[in-house]
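Readers should treat all values here as calculations from the given coordinates under stated rules, not as data from a laboratory. Bear in mind that the values here come from a model prediction, so they are computed numbers and not experimental data. We place every Cβ from the backbone using ideal geometry, glycine too, and count neighbours over all the protein chains shown.
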Amino acid sequence: MYDIVGIGNALVDTQFKVTHELIDTLGLKIDQMTLSSSEEHAPIIAKLIEEQAESVSDCGGSATNSLVAASMFGANCFHNCKIADDEDGHRYLTSLNETGVHHSGQMSDPAILPTGKCLILVTPDAKRTMLTALNVSAAMNKEDIVKDSLVAAKIFYMEGYMVTSDENYAALNTAIDAAKANDRLLKVLSLSDPGIVEIFKERFKEVESQGLDFILCNADEAMAFTETASLEEAISSLKKKPYKSAITTGADGCWIVDGDSVSQVPGIKINPIDTNGAGDMFAGCFMYALLEGCSLNECAEFANYGASKVVETFGPRLDALGYSEVRKKFKNN
């Protein structure tokens, strides 16, 4: 029996420190994700390497980072994702194995599509702008879902990016159908990105209509999802929902919405370096605390703390010692 079963994109991340001028030159929207291709990545990466921009590379994807965090804390996790039988795909599987996250081990023909990649540009204000080439990840379909992984799981974690291709959306719905056989399963949806929510709003609404227990999002995603113009209006809309919501607000912490009960959980004061992966860490911490029987506010306190540790780090994850220290803080509290 798995504690958490996730579904999401498998990506190898390459992250660079850049200036705001480069973001403007590339015509990108700061702090959002844009779908692109490996061919579009190549000249950008070449330029950054030529300029000797500081960089870090690791295996990622939003749900992946969340599952890795929960697994490093002690949760038993399984990931439904798709990779190719290439160098990046093997590196990705090795990363999952090293962090204790289970996977079917299936790999597709790299001659058709390679493993997914994400180029992450981090500006001096710690915001991250992403260019994502989903590659074979976008081709994950209903045949790739390990339905048995959901039969006795405790939490089903859905990455919002799964609505961006027809194949991924079919895979997501197959997993949702399989999850219906498990009456005790908590269904958690991450909204992932405000631009994605706006473009694929109908698909998000369809996922919502099939039953959720939690939505995890930031303020911009909450407003996009509820079609409101302010955080206050978004909270008012989410109060009417049958599920609970956790809305992150950066350094200010987060809001927990549970029907008419609304509470603000303060953030941790730090010197921010890189916000990439903060939301993923928040989700991993939040779900782990849920498994441990914590109250919603206690889950949020732990998630805020874990996210703050990632924001103090260049890169979307912590090292083994970092995760151990975060878990120690949780156990001490």
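Computed from point charges on the beta carbon alone (+1 for Lys and Arg, -1 for Asp and Glu), the dipole magnitude for segment 98-218 about its Cα centre is near 240 Debye. Put simply, the C-alpha atoms of segment 18-132 give a gyration tensor, and the ellipsoid matching it has half-axes of 28, 18, 12 Å, longest first. Amide H to amide H, with H built 1.01 Å from N, D13 comes under 5 Å of D58, C59, G60, C118, counting only residues 5 or more places away or on other chains. Secondary-structure-derived ellipticity at 222 nm for the chain, considering helices only, amounts to -12000 deg cm²/dmol, per-run term -39500 (n - 2.57) for DSSP H runs with n ≥ 4. To the nearest Å, what is the center-to-center distance of segment 1-75 and segment 234-253, using C-alpha atoms only? For segment 1-75 versus segment 234-253, the Cα centre distance is 26 Å. Computed over Cα pairs, the Kirkwood radius of the chain leads via Stokes-Einstein (0.692 mPa s, 37 °C) to a diffusion coefficient of 167 µm² per second. Of the trypsin sites (Lys or Arg not before Pro) found in segment 169-250, those in coil by DSSP whose Cβ has at most 13 other Cβ atoms within 10 Å are K180, R184, K240. Inverting the pair-averaged 1/r between distinct Cα atoms of segment 186-333 gives 15.5 Å as its Kirkwood hydrodynamic radius. Classify segment 81-131 as rounded, prolate or oblate from the Cα gyration tensor: take a ≥ b ≥ c as the square roots of its eigenvalues, call it rounded if a/c is under 1.5, otherwise prolate when a/b beats b/c and oblate if not. It is oblate, given that a/c is not under 1.5 and a/b is not larger than b/c.
Taking GluC sites (Glu not before Pro) as exposed when DSSP calls them loop and at most 13 other C-beta atoms lie within 10 angstrom, the chain has its longest site-free stretch at 55-226. Stokes-Einstein diffusion for segment 67-215, with the hydrodynamic radius set to the Kirkwood value over Cα pairs and evaluated at 4 °C in a medium of 1.567 mPa s, equals 79 µm²/s. The alpha carbons of segment 86-170 stretch over 45, 35, 31 Å along the principal axes, in descending order. Rounded to the nearest 5, the antiparallel percentage of DSSP beta bridges internal to the chain is 40%.
Nearest 0.05, what FRET efficiency do S38 and K239 give at R0 = 51 Å with Cβ-Cβ as r?
Working: r = 43 Å, r/R0 = 0.85.
Efficiency at R0 = 51 Å is approximately 0.75.
With distances taken between every two different alpha-carbon atoms, segment 268-330 has a Kirkwood hydrodynamic radius of 11.4 Å.
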